[in-house]
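Below is one structure, written out as structure tokens; the observations come after it.
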Amino acid sequence: MHLVGKCQEEIDSRTANLDGIIDSCVDCGSIQTVLDWGGGEGRFIPTSLRSKAVTVLDCSTEELSDPTFLRLDQLSSEQKFDYIQICHVLEHVSEPRSLMLEAVSHLNRGGYIYVELPQDRSSEELQGFVSRPSEMYHVIHEHLNLYSQEALEKLGLSLGLRCAHLATRQLDFGWIKGTIISGLFVKDG
């Protein structure tokens, strides 16, 4: 567990994946403010957004990956951002839709919200859980929620967001090959 989110191969792989999405789907010139929700040290900020005003919302005491980033442990209701990312957080919280609703309240109109999640189970396994819940067995104890690409899309749409990118990819984290779900959504005006 000491390698999760800290292994250089994982950092490089996840950052390259996110950079590709941002570079192909986002007008970075329209982004001035960035929020990494639950981002720890801010290691996974897209390369093209690192020069923006970056805030990391987290209670971590570890040193930020960039000394120009700001860390907060809470936001005021007035704070708004042009880009928010929530990476590997929703699987850990008891009310993911409530967290997303709160995050969207801090997103400027025309802003982007990027969500990245592990896909711990295949779509077929998840469908089996729905049809046979008594047979559900899940061993990753700190992951309260399991996601599919379809579930992430429906979550974003249920919040009135437009889906700009949605994909599932296997990445090499150095310590494991992991499957992640990436969703980029827009809060239209």
Residue check: is Ser51 open to solvent by 30 Å² or more (accessible area, probe 1.4 Å), part of a loop (DSSP other than H, G, I, E, B) and closer than 30 Å to Asp172 by Cβ?
yes
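Of the residues in segment 76-92, how many are under 18 Å from the mean Cα position of the chain (by Cα) and part of a loop (DSSP other than H, G, I, E, B)?
Just the residues of segment 76-92 that are under 18 Å from the mean Cα position of the chain (by Cα), to begin with: 80-92.
Of the ones still in play, those that are also part of a loop (DSSP other than H, G, I, E, B) are 80, 88-89.
So the answer is 3.
Taking only segment 35-92 into account, find how many residues are of a type in the set (Gly, Ala, Ser) and at positive phi.
Just the residues of segment 35-92 that are of a type in the set (Gly, Ala, Ser), to begin with: 38-40, 42, 48, 51, 53, 60, 65, 76-77.
Next, only the ones that are at positive phi stay: 38, 40, 42.
So the answer is 3.
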Ser13 - would you say it is open to solvent by less than 40 Å² (accessible area, probe 1.4 Å) and at pLDDT below 95?
yes
For segment 93-108, name all the residues that are part of a helix (DSSP H, G or I) and more than 12 Å from Gln79 (Cβ to Cβ).
Pro96, Arg97, Ser98, Leu99, Met100, Leu101, Val104
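The values are calculated or read from the model by the stated rules, or taken from the named source; none is laboratory data. Being a predicted model, the structure only gives us computed values, none of them experimental. Ideal geometry is used to build each Cβ from the backbone, glycine not excepted, and the neighbour counts take in all protein chains shown. Calculation scope for accessible area: heavy atoms of the full protein, side chains included, ligands and nucleic acids excluded. Shrake-Rupley method; radii C 1.70, N 1.55, O 1.52, S 1.80 Å.
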